[in-house]
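Peer 1: Structure incoming, see below.
Every read-out reported here was derived from the displayed coordinates using simple, explicitly stated rules and does not represent laboratory data. Remember, predicted model here, so these are calculated numbers, not experimental data. FYI the Cβ positions are ideal-geometry reconstructions off the backbone, even for glycines, and counts take in every protein chain you see.
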Amino acid sequence: MKLREFLSTLRGAVVVTSHVNTDPDGLACAYLMARLVEEVGLEAHLCFPGGISSVSKTILGRLGMSWQRECPEDTRTFILCDFSNPSQLRELAEKFSDPSVTLVVVDHHFPEGKLVPLAKLAVVEREPASAVIAARILMDEGVNVCATLATLGIAGILYDTKKLLFASSNTFRVLSWLLDSGGDYRLAHSLLVEEEPRSEKLAKLKGLLRASVFEVCGYIVAFTEVSANEANVARLLVSAGADLAVVVGGKKESRLSIRVSDELQKAGIDAGEIAQSVASALGAEGGGHAGAAGVKTTDRKAHGRMSRAIVNEVIERLFRYLCTQRSGAR
Ligand SMILES: [Mn+2]
């Protein structure tokens, strides 16, 4: 049975919700589903008992849309958007196991979760976003959406498709329909750009100004110091062209953030291994994976900014490690 047909057999209000810390895709799917519920003449209660993410809050605020956490107590029908496991919304776990409750699932995650067999109707499809599924249902049913809802739909799709890096033919079909419905593509795009905190901007600029750049065995190594946001600064240095970025930071403790470019990782350099060897030499904690790793110590001698001496030792180790790896590979 189709979703619209199924909804029209129901009575009473319908709760439309999504997973804990609802992302823009779950949000868009839920608002679109609420529109369908209204279309069949039922009352829709949009509520997000597990809260919504910060980017979701920004989107709703900028679109002038409201949201609420509390769901009405007495509702017997639930449309669950963008999730299908009870652990993703513990706040409603009791309802999910209540046999008198009607569950509908609209999701794009595989394998299907435990709520799918419990649902009276489940629409689980291999689409890059749940909002694609929801928009496709409305489009096929000829249900019109207002411009604001269309923009929210586009934002949800852009979010889960990583700005259309992942897309299906339905993705473009519903995007076209959402645009025809008055959706604002540029606005949707801009809603996903989170304003970087001032502290991060300052850390990046200071990190760049203080940076030293070395060439080791043909690879570019960048080193710098900041008081916070070392990981962001290290990422910035790699995006600016460094193969290996080392950023020392921390005020009450000493931290080291290491980032390795894809190319250098392919050459066999592993940030996690470097971090571990540096950490053991300093009696600190360290670890990570091939592309990103860190070292941390609360050692009194290392309080405040990491001393130049330690930095030199770190750099020396990196140099030695890199050159050994390179000559070993030849
Ligand atoms: Mn999703």
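Peer 1: Classify the stretch 66-192 as rounded, prolate or oblate, taking a ≥ b ≥ c as the square roots of the eigenvalues of its Cα gyration tensor: rounded when a/c is under 1.5, otherwise prolate if a/b is larger than b/c and oblate if not.
Peer 2: prolate
Peer 1: Another question, then. For the chain, what is the charge dipole size about the Cα centre, in debye to the nearest 20, if Lys and Arg each add +1 at the Cβ and Asp and Glu each add -1 at the Cβ?
Peer 2: Rounded to the nearest 20 debye, it is 1280 debye.
Peer 1: Still on this structure, I have one more. Using 0.36 nm per residue of separation minus the Cα-Cα distance, give me the extension gain between residue 205 and residue 1 in nm, one decimal.
Peer 2: 67.7 nm
Peer 1: Turning to a different aspect of this structure: Is the shape of the chain best called rounded, prolate or oblate, per the rule: a/c under 1.5 gives rounded, else a/b larger than b/c gives prolate, else oblate, with a ≥ b ≥ c the square roots of the Cα gyration tensor eigenvalues?
Peer 2: prolate
Peer 1: Using just the helices of the chain, give the 222 nm mean residue ellipticity in deg cm²/dmol: DSSP H runs with n ≥ 4 each add -39,500 (n - 2.57), and the total is spread over all residues, rounded to 500.
Peer 2: One gets -13000 deg cm²/dmol as the mean residue ellipticity at 222 nm.
Peer 1: Once Lys and Arg get +1 and Asp and Glu get -1 on their Cβ, which of 78, 44, 56 lies farthest toward the positive end of the dipole of the stretch 42-81?
Peer 2: Of the options given, the answer is 56.
Peer 1: Relative contact order of the stretch 3-191: what whole-number percent is it, with Cα pairs under 8 angstrom and at least 6 residues apart?
Peer 2: It comes to 23 percent, rounded to a whole number.
Peer 1: Give a quick list of GluC sites (Glu not before Pro) in the stretch 188-278 that DSSP marks as loop, anything other than H, G, I, E or B, with at most 16 other Cβ atoms within 10 Å.
Peer 2: In loop regions of the stretch 188-278 (DSSP not H, G, I, E or B), the sparsely surrounded GluC sites (Glu not before Pro) are 194, 195, 253.
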